[in-house]
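> The following block contains the structure, expressed as structure tokens.
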Amino acid sequence: LLLGLMAVLDGSVCVLAQPGLSLQEITELADEHHITSMFSLPTRLQTLAEEMLQDGKQSRNIRRIGVAGGVLSQATYDAAFKAFENLDSLVIMYTMTESGGIVCSTSLHEAIAIGMGFPGAMVEIKVVDPVSRVKLGPNEPGEICFRIQTVMRGYYKRPKETAEFFEGNGWCRSGDIGYYDKDGRFYFVQRLKEMIKCMENQVVPAELEQLLLQEHSEDIAEVTVVGLQHPLYREAPAAAVVPRDQYICHKAVGSLADKIKATIAEKLAIHKHLYGGVFLFDSLPKTETAKVNRTAIVEQCAHKVSL
């Protein structure tokens, strides 16, 4: 809605596409309407760029891409510039419906993996300890809080949730874990509710996901790490994996699962090991906005046999 309004104010044509369009349909839309700018979720951009490179197709119309709603990996960033031949800029934006505007964004030509850039105009951001609410310094992960003039008045007929969102003096709780560096550049780590508590220690799923994609990029198309209820560990980290070779899903499952568990065990602390196991999927469940549905993954893992 926000980006559509911006397009209208700019005097541009705004094309609203249905979720889940094929590569062919997206290409046809771009050609038909001479689309020069595109907004996408990181997961959707990753899939689109990989399909274009595999099919040997490139888009010459798209010059600018905006990304929000998740973590953009360096691999996806690089793939986008290869797939979109005339791409000038890829901007990462941090925003939410409640803010009514962009909280944080990179500059036109800067996108560094999980970096979100700097606060937007007339926006204040701080990082606080999720429990004590004490303000934290550079490179100290905590909950991102922001103050912005366009923020919502509240959730309709939901006073409890409204009170939880507003923290006083105009500060709003994002529910996201992040940090900022010495230059004031902000970074997203994980949704607070997606953090895993194993052996009384916090586990950041994104850390495990990025490691597995980095170490096993030839074998893994997608991976999501979730916490499964466990009598000993409280929550046991488990990896939901989509192999690049679908044959593995049905035949050679043990070898890939063993490699995945070994990588985590060798490189990360003991409370981050995959005690919940590895689960292979043909595809990960997604929401209507193409975000990974972690709740559905947890539910499906309960009916699968871990490896």
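The values are calculated or read from the model by the stated rules, or taken from the named source; none is laboratory data. The structure presented is a predicted model; accordingly, all values stated were derived computationally and were not measured. Here Cβ is always computed from backbone atoms with ideal geometry, including for glycine, and neighbour counts include all displayed protein chains.
> Which of (1) of a type in the set (A, V, I, L, M, F, W, C); (2) within 30 Å of residue 281 (Cβ to Cβ); (3) surrounded by fewer than 19 Cβ atoms within 10 Å (Cβ to Cβ) does residue 152 not meet, given it meets every other one?
Looking at each condition in turn, residue 152 falls short on (2).
> Among the numbered conditions (1) crowded, with 20+ Cβ neighbours inside 10 Å; (2) part of a helix (DSSP H, G or I), tell me where residue 116 comes up short.
For residue 116, the exception is condition (2).
> So, one more: Scanning for something over 30 Å from residue 31 (Cβ atoms), of a type outside the set (D, E, K, R), in contact with a Pro (Cβ under 6 Å, 6 or more places away or on another chain) and not assigned by the TED database to the domain that holds residue 204, does segment 77-97 turn up at least one residue? If you could, list the steps in order and put the result at the bottom.
First, the residues of segment 77-97 that are over 30 Å from residue 31 (Cβ atoms): 94, 96-97.
The next check asks that each one be of a type outside the set (D, E, K, R); those that pass are 94, 96-97.
Those left that are additionally in contact with a Pro (Cβ under 6 Å, 6 or more places away or on another chain): none.
Scanning segment 77-97, I find no residue that is over 30 Å from residue 31 (Cβ atoms), of a type outside the set (D, E, K, R), in contact with a Pro (Cβ under 6 Å, 6 or more places away or on another chain) and not assigned by the TED database to the domain that holds residue 204, so the answer is no.
> Hey, another quick one. Limited to segment 192-236, what total is found for residues that are of a type in the set (Lys, Arg) and farther than 16 Å from residue 297 by Cα?
2
> Across segment 202-219, what is the total count of residues that are in contact with a His (Cβ under 9 Å, 6 or more places away or on another chain) and modelled with pLDDT under 95? Steps first, please.
Quick first cut of segment 202-219, residues in contact with a His (Cβ under 9 Å, 6 or more places away or on another chain) only: 202-203.
Restricting the remaining residues to those that are modelled with pLDDT under 95 gives 202.
Summing the residues that are in contact with a His (Cβ under 9 Å, 6 or more places away or on another chain) and modelled with pLDDT under 95 in segment 202-219 gives 1.
> Continuing with the same structure: Mind listing just one residue for me: the one in segment 69-96 that is hydroxyl-bearing (Ser, Thr, Tyr) and modelled with pLDDT under 90 and, of those, surrounded by the fewest Cβ atoms within 10 Å (Cβ to Cβ)? Steps first, answer last, please.
Taking segment 69-96 and keeping what is hydroxyl-bearing (Ser, Thr, Tyr), we get 73, 76-77, 89, 94-95.
Those still in the list that are modelled with pLDDT under 90 too: 73, 76-77, 89.
On the way: 73: 18, 76: 22, 77: 20, 89: 16.
This residue is 89.
> Here is a further query. When you go through 66, 56 one by one, which is the residue that is under 21 Å from the mean Cα position of the chain (by Cα) and either surrounded by 15 or more Cβ atoms within 10 Å (Cβ to Cβ) or at pLDDT below 90 (or both)? Spell out the reasoning first.
Working: 56 fails: under 21 Å from the mean Cα position of the chain (by Cα).
From the options 66, 56, the qualifying one is 66.
> Taking into account only those residues within segment 28-47 that are surrounded by 19 or more Cβ atoms within 10 Å (Cβ to Cβ) and more than 24 Å from the chain's Cα centre (by Cα), which is farthest from residue 286 (Cα to Cα)?
35
> I would also like to ask the following. Is it the case, given these coordinates, that residue 241 is in contact (Cβ under 8 Å) with a residue 12 or more places away in the chain, of a type in the set (A, V, I, L, M) and closer than 30 Å to residue 97 by Cβ?
When the stated conditions are applied, residue 241 does not pass them.
> Now a separate question. Could you please tell me which pairs satisfy a Cβ distance under 8 Å, a separation of 6+ or placement on different chains, a first residue in segment 224-236 that is closer than 15 Å to residue 201 by Cα, and a second residue that is polar (S, T, N, Q)?
That search, which allows pairs on different chains as well, returns 235/229; 236/229.
> Sticking with this structure for a sec: Would you say residue 7 is modelled with pLDDT of 85 or more and either assigned to a helix (DSSP H, G or I) or of a type in the set (A, V, I, L, M, F, W, C) (or both)?
Working: modelled with pLDDT of 85 or more: no; either assigned to a helix (DSSP H, G or I) or of a type in the set (A, V, I, L, M, F, W, C) (or both): yes.
Spelling it out, it is not the case that residue 7 is modelled with pLDDT of 85 or more and either assigned to a helix (DSSP H, G or I) or of a type in the set (A, V, I, L, M, F, W, C) (or both).
> Every residue in segment 119-149 that is free of Cβ contacts under 8 Å to residues at least 40 places away in the same chain, of a type in the set (A, V, I, L, M, F, W, C), in a loop (DSSP other than H, G, I, E, B) and farther than 14 Å from residue 101 by Cα, please.
Matches in segment 119-149: 131, 134.
> Which helices (runs of 4 or more DSSP H) does segment 199-293 wholly contain that include 3 or more residues that are charged (D, E, K, R)? Give the steps one after another, and end with the answer.
Details: elements: 205-215, 247-250, 253-267.
So the answer is 205-215, 253-267.
> A follow-up question, please. Regarding segment 239-261, can at least one residue be identified that is surrounded by 14 or more Cβ atoms within 10 Å (Cβ to Cβ), more than 25 Å from residue 46 (Cβ to Cβ) and not assigned by the TED database to the domain that holds residue 39?
No, segment 239-261 contains no residue that is surrounded by 14 or more Cβ atoms within 10 Å (Cβ to Cβ), more than 25 Å from residue 46 (Cβ to Cβ) and not assigned by the TED database to the domain that holds residue 39.
> Which of the numbered conditions does residue 167 fail, given that it passes all the others? Conditions: (1) out of contact with any Lys or Arg (no Cβ under 8 Å at 6 or more places or on another chain); (2) over 20 Å from residue 117 (Cα atoms).
Result: residue 167 passes all but (1).
> Would you pick out the residues in segment 189-198 that are in a helix (DSSP H, G or I) and within 27 Å of residue 255 (Cα to Cα)?
none
> Collect the residues in segment 178-216 that are under 16 Å from the mean Cα position of the chain (by Cα) and of a type in the set (Asp, Glu), keeping them in residue-number order.
Correct list: 194, 207, 209.
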